[in-house]
1. Across region 159-200, what is the total count of residues that are of a type in the set (D, E, K, R) and surrounded by fewer than 20 Cβ atoms within 10 Å (Cβ to Cβ)?
2. Only one of these is modelled with pLDDT of 95 or more and in a strand (DSSP E or B): 59, 97. Name it.
3. Tell me, please, whether a residue that is in contact with a Lys or Arg (Cβ under 9 Å, 6 or more places away or on another chain), modelled with pLDDT of 75 or more, among the hydrophobic types (A, V, I, L, M, F, W, C) and part of a strand (DSSP E or B) can be found in region 65-79.
4. Tally time: how many residues in region 177-200 are in contact with a strand residue (DSSP E or B) (Cβ under 6 Å, 6 or more places away or on another chain), in a loop (DSSP other than H, G, I, E, B), hydrophobic (A, V, I, L, M, F, W, C) and more than 19 Å from residue 165 (Cα to Cα)?
5. All but one of (1) closer than 23 Å to residue 61 by Cβ; (2) modelled with pLDDT of 85 or more hold for residue 113; which doesn't?
Amino acid sequence: MHENRSNMKKFIFLTLLALAGTSVMAQQKPLELGIHGGWSYTKMYADNHRTRTHWGYSAGIFGRVNLVKQLYLEPGLNYVHKEVILERSVNDTKLRASSVEVPVLLGVKFLNFPLIKVRGFVGPVASILTKPIKYDDYVADMNNPPEVTSSKSMFYARAGLGVDVWQATFDLSYEVGMKKFAPTLSVPQTFNITLGIKIF
């Protein structure tokens, strides 16, 4: 008798949870807007120089267009600053790059509960330099510094996972450049950690 009551309570709870989830999905906003910021960790190799990764940062806005079923499209507009350290015998030097990035990501919601959502996403990122890539000022005495490209545009491929808790969002992603910054530099690889909040 006690076991039957316990099973009935579980059934009622799961039914209510399913109904709540269905209701929220039915009322899901077609468009969401938010702000986010975070940290990046860029990895790149240079001929004749040892390199190590270094922290960068990003800040911007994003939109989320909810498509059919669990799919969504997420464009964004971000200011991004990335750095890579070139190791030297005397002083290390930094390779700096600041840009405006426009990601267009296609995502799918694996779990879509009222308060918690788990997502996966993939897509291209267009990057436009706000100023030429440069080294620190004290690089003048550096022997054979790697040349950097004069191109102002760069494209990346990005993939990652995200979690939404109510209005807050958390993303962890990996991206790789589609070309080299210069013949003596490898394609950049970046890990991104992003925190955001939906404001609409």
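1. 3
2. 59
3. Checked region 65-79: at least one residue is in contact with a Lys or Arg (Cβ under 9 Å, 6 or more places away or on another chain), modelled with pLDDT of 75 or more, among the hydrophobic types (A, V, I, L, M, F, W, C) and part of a strand (DSSP E or B).
4. Looking only at that region, the number is 2.
5. In the conditions (1) closer than 23 Å to residue 61 by Cβ; (2) modelled with pLDDT of 85 or more, residue 113 misses (1) alone.
The values are calculated or read from the model by the stated rules, or taken from the named source; none is laboratory data. What you are looking at is a predicted structure, and each value in this text was computed from that prediction instead of being measured. Neighbour counts run over all protein chains shown; Cβ positions are idealised from the backbone, glycine included.
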